[in-house]
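Here's the structure we're looking at; comments come further down.
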């Protein structure tokens, strides 16, 4: 195998790197996979990304000269919801193997994203006898410990436990996530690789406040608060709205919420009702789904970006906002403390109640500064997190895994129909 020209199977079953961002199952993970794929392709790595088929998509799409997106068709004539994908993993594996054998491909390494893809990757790890790297992106046990939103299934928890024990290595974007793996799944710290996520510094650049607001039709507002992300209960948008409602004297200030599907989707309708109940409906703008190319206009138009999340495994929005020169107010999640190291860049809250957010918002909105100097300070904090640097670290990890040839996982069940009970037994043995 020539150095640098190895072949990777990347698994991203439930979320395509070319999916529409901001919808319920398409967010930071899709950005991560897409940007990583572009950088790996530039290094000459042969990369096949496997995802579930969607209506109207060809089986193979070329994302770069050596990068392909491959849609696995299970024969189910609809897109399978994420919560149902586990039942179809045997079919996905059969389709993956049929494609691989039909193309006469031998992979050197597997990189899985999220636990569902990890289950597929663990089976391939055993069958192909190659290293298997996984990035969970979020952990079910952490979500359940917070008690916000629907509970994650026992199936997911057991599968993540198994993957934490049997995958070759695990990538995390933040020290906090590493500690979660050790605490909840008793993961061996030596197999956890801390490699932060990145930001596209070419795409996310500052636009003048006036130009950005004119482009978006927001120039009638004196102050703008921005939230960007999927509209999931864990994102905490409801408590941001409650905080914003406390700024009743700032009538020429609006809250812009980017994310969700079409503006008539249930998640947005529920938040609209919440805005009505708080009597802020005339100062809240639901932008819905926004293309990546338009996001810099929103970040640049804002006086402050707020991340009210209960849980983030890293916090990509922090980097995107800073790269556009905009400060951030955030809960202590992901890697935010390691990024927001200057007071000009924003604030990590200790009081994450609506009152705590309202106090921080008032402080920022009354003394906000849009000078080139402060914008440059903020952008400088994002610069070390370029995707080029992130990929260089991950590329080195790939090479190290291939060089050391760690032993393969213990025997896995022959089908996913029996994998769940196997995973539960394994989990019971270590808890």
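When only Cα pairs below 8 angstrom with a gap of at least 6 residues are kept, segment 209-385 shows a relative contact order of 24 percent.
Length gained on full extension, residue 369 to residue 104, computed as 0.36 nm times the residue gap minus the Cα-Cα distance: 89.6 nm.
Assuming 0.36 nm per residue, please report the length gained on full extension of the stretch residue 145 to residue 83 beyond their Cα-Cα distance.
So the extension gain works out to 20.4 nm.
How far is helix 266-277 tilted off the main Cα axis of the chain, in degrees rounded to 10, range 0 to 90? Long axis of 266-277 versus the principal axis of the chain: about 20 degrees.
Bin width 5 Å, origin at 0, all Cα-Cα pairs of segment 217-276: what percent of pairs per bin? Calculated P(r), rounded to whole percents: 4, 16, 29, 25, 18, 8, 1.
Backbone N atoms of segment 287-311 closer than 15 Å to the 7 Å Cα→Cβ label point of residue 270 belong to residues 310. Here the alpha carbons of segment 27-85 define both size measures, Rg and Dmax, at 12.7, 37 Å. What the Cβ-Cβ distance of residue 404 and residue 175 gives, at R0 = 30 Å and to the nearest 0.05, is a FRET efficiency of 0.80. Taking every Cα-Cα distance in segment 57-199 and sorting them into 10 Å bins from zero, the calculated P(r) comes out as 10, 37, 35, 17, 1 percent.
Computed over segment 334-373, the P(r) curve from all C-alpha pair distances, binned at 10 Å from the origin, holds 25, 50, 24, 1 percent per bin.
Against the compact-protein benchmark of 2.2 N^0.38 Å, the Cα-based radius of gyration of segment 115-265 scales to 1.40.
Give me the base-10 log of I(q)/I(0) for segment 156-197 at each q in 0.15, 0.34 Å⁻¹, Debye formula, one uniform scatterer per Cα, rounded to two decimals. Scattering profile of segment 156-197, log10 relative to I(0): -0.30, -1.27. The fewest-to-most ranking of 290, 328 by surrounding Cβ atoms within 10 Å reads 290, 328. Of the residues 15, 309, 277, the one that moves most in a GNM of the chain with alpha-carbon contacts below 10 Å is 277.
Out of the DSSP beta bridges found with both residues in segment 209-385, what percent are antiparallel (nearest 5)?
Numbers: 0 of 18 bridges.
Rounded to the nearest five, the antiparallel share is 0 percent.
Available extension along the chain between residue 355 and residue 7 is 120.1 nm, counting 0.36 nm per residue and deducting the alpha carbon span. Listed by Cβ neighbour count within 10 Å, with the fewest neighbours leading, 330, 374, 187 appear as 374, 187, 330. Relative to the longest principal axis of the Cα atoms of the chain, the long axis of helix 419-430 lies at roughly 80 degrees. Each label point was placed 7 Å from the Cα along the Cα-to-Cβ direction; for residue 127 and residue 76 their separation is 1.8 nm. Determine, at each q value in 0.12, 0.18 (inverse angstroms), the log₁₀ of I(q)/I(0) that the Debye formula gives when each Cα of segment 209-385 is one equal point scatterer. Calculated log10 I(q)/I(0) at the listed q: -0.49, -1.21.
Against the main long axis of the alpha-carbon atoms of the chain, helix 114-128 sits at an angle near 20°. A Gaussian network model of the chain, with springs between Cα atoms under 10 Å, assigns the largest mean-square fluctuation among 327, 308, 150 to 150.
Distance from the alpha carbon centroid of segment 204-241 to that of segment 286-311 works out to 5 angstrom.
Nearest 5 percent is fine: what portion of the DSSP beta bridges confined to the chain is antiparallel?
10 percent
Segment 78-150 and segment 337-363 have their alpha-carbon centroids 37 Å apart. Calculated on the alpha-carbon coordinates, the convex hull of segment 312-397 measures out at 90 cubic angstrom per residue.
Only the coordinates and a few stated rules stand behind these numbers; no lab work does. Keep in mind it's a predicted model, so treat the numbers as computed, not measured. Neighbour counts are summed over all protein chains in view; Cβ atoms, including those assigned to glycine, are modelled from backbone coordinates with ideal geometry.
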